[in-house]
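Here is the structure we will look at.
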Amino acid sequence: MTANEDFLAHEVLRSRIAQLLINEAIREKTFRVPVHLAMGHEAIAVAVANVRAPRDQVLLSHRNIHYQLAFGASLKSLYDEYALLPSGLAGGQLGSMNLSNPAAGILYTSSVLGNNLPVAAGVALAEQSKDSDAVTFVVTGDGAMEEGSFYETLLMLRSQNSRCIILVENNEWSLATQISERRCPIDVASITKGFDIAYLRLRGNDVPRYVDALQALRQEVLDRRYPAVVEVDLKSLGDWRMPNPDFPDGKYINYHAGLAPEASLSDWPTLRDDEWDPVHVLLESKNAAALRAWAPSAIAKMRSELA
Ligand SMILES: Cc1ncc(C[n+]2csc(CCOP(=O)(O)OP(=O)(O)O)c2C)c(N)n1
């Protein structure tokens, strides 16, 4: 394992532990705003933070805690922000769904679904006019992709040959509906082909592999001067089954926001034992034993941050 791979693994773990501690605080009704946890989304956020060049800007959506953490926000600064305290990351002014952090490269975050896409097109155009070699990253979801702004943004980015990467975090769900329940499938690869926009699909939560793929794509976007879409298959962890007489195994409840009632923090903070959990994937790494040994002390240290 290289030093960078080791760093990436610790970042994934730090993000998961921080989110499980935030989940505990949600359980205790500490916060004054709804928080959308992103457990299961850590790998892509850690990879983007690692690939980003200093001038690159990132624009986020309602579910953004994984990027805040990957871009260096402390657990305490997020905890205080969600409690709307002056000591919060944005002085308690932005809460969760609109939390930006321009000093760290998170230029803009919007709770209005699909809104960050045209804003990103504007940001990318502004960078182009300065002849900079910056790439703009914008994060969206499979639900937000249903907004007209997604398609308008593709048109605008390709027409202007803007250096922008749209990341679609495809968790298959939008609030309480699955893609198959609410719409026809959208073949993003074909749509991007129609616009002659680069397309990359990621799955498996292997952060070093994500970093390599994103680095190559970022370079392609700069060299060829055109946009790209990355579709990332992932699962938002924290789902649970509610007892219900009509469902022998309980009714499936997708995790969307707020408390993940059955998620709790243990010495090795996995939530499922397969490739859909980025923390489980770390067990495949050469450093797995050392990571397992490190986790309890990290948990204790982060818990003490909040004491
Ligand atoms: C313009 C607008 N319409 C509706 C909403 C309500 N809303 C918030 S999150 C969400 C679902 C988003 O789904 P997706 O983009 O897949 O992200 P996920 O929450 O699954 O991560 C909706 C409909 C909103 N915030 N803004």
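Per the conditions (1) surrounded by fewer than 20 Cβ atoms within 10 Å (Cβ to Cβ); (2) of a type in the set (Ser, Thr, Tyr); (3) modelled with pLDDT of 95 or more, the sole criterion not satisfied by Tyr79 is (1).
Consider region 234-251 and keep the residues that are within 16 Å of the ligand (Cβ to nearest atom) and either of a type in the set (D, E, K, R) or loosely packed, with under 10 Cβ neighbours inside 10 Å (or both). The one that is nearest to Leu20 (Cα to Cα) is Asp239. If you go through region 166-182 and pick out every residue that is in a loop (DSSP other than H, G, I, E, B) and surrounded by 13 or more Cβ atoms within 10 Å (Cβ to Cβ), you end up with 2. When Ser190 is tested against (1) within 16 Å of the ligand (Cβ to nearest atom); (2) surrounded by fewer than 17 Cβ atoms within 10 Å (Cβ to Cβ); (3) of a type in the set (Ser, Thr, Tyr), exactly one condition is not met: (1). Among the residues of region 44-65, is any among the β-branched types (Val, Ile, Thr), surrounded by fewer than 24 Cβ atoms within 10 Å (Cβ to Cβ) and closer than 18 Å to Pro278 by Cβ? Yes, the conditions are met somewhere in region 44-65. Which one is farthest from the ligand (Cβ to nearest atom), of the residues in region 104-129 that are over 19 Å from Ala45 (Cβ atoms), among the small types (Gly, Ala, Ser) and part of a helix (DSSP H, G or I)? Only one residue tops the list, namely Ser129. Kindly indicate the residue of region 1-43 that is touching a residue at least 12 places away in the same chain (Cβ under 8 Å) and of a type in the set (Lys, Arg) and also surrounded by the most Cβ atoms within 10 Å (Cβ to Cβ) among those meeting that condition. Restricting to residues being touching a residue at least 12 places away in the same chain (Cβ under 8 Å) and of a type in the set (Lys, Arg), the top hit is Arg16.
Within region 69-97, the set of residues being within 15 Å of the ligand (Cβ to nearest atom) and under 14 Å from the mean Cα position of the chain (by Cα) comprises Ser96, Met97.
Note on region 206-259: residues that are closer than 15 Å to Glu42 by Cβ and not aliphatic (A, V, I, L, M) total 9. The conditions of being over 30 Å from Leu237 (Cβ atoms), out of contact with any helix residue (DSSP H, G or I) (no Cβ under 8 Å at 6 or more places or on another chain) and aliphatic (A, V, I, L, M) are not met by Val112. Among the residues making up region 31-64, those that are more than 16 Å from the ligand (Cβ to nearest atom), among the hydrophobic types (A, V, I, L, M, F, W, C) and assigned to a loop (DSSP other than H, G, I, E, B) are Phe31, Ala53.
The values are calculated or read from the model by the stated rules, or taken from the named source; none is laboratory data. Just so we're clear, the structure is a prediction, and the values are computed from it rather than from any experiment. All Cβ positions, even for glycine, are placed from backbone atoms using ideal geometry, and neighbour counts span all protein chains on display.
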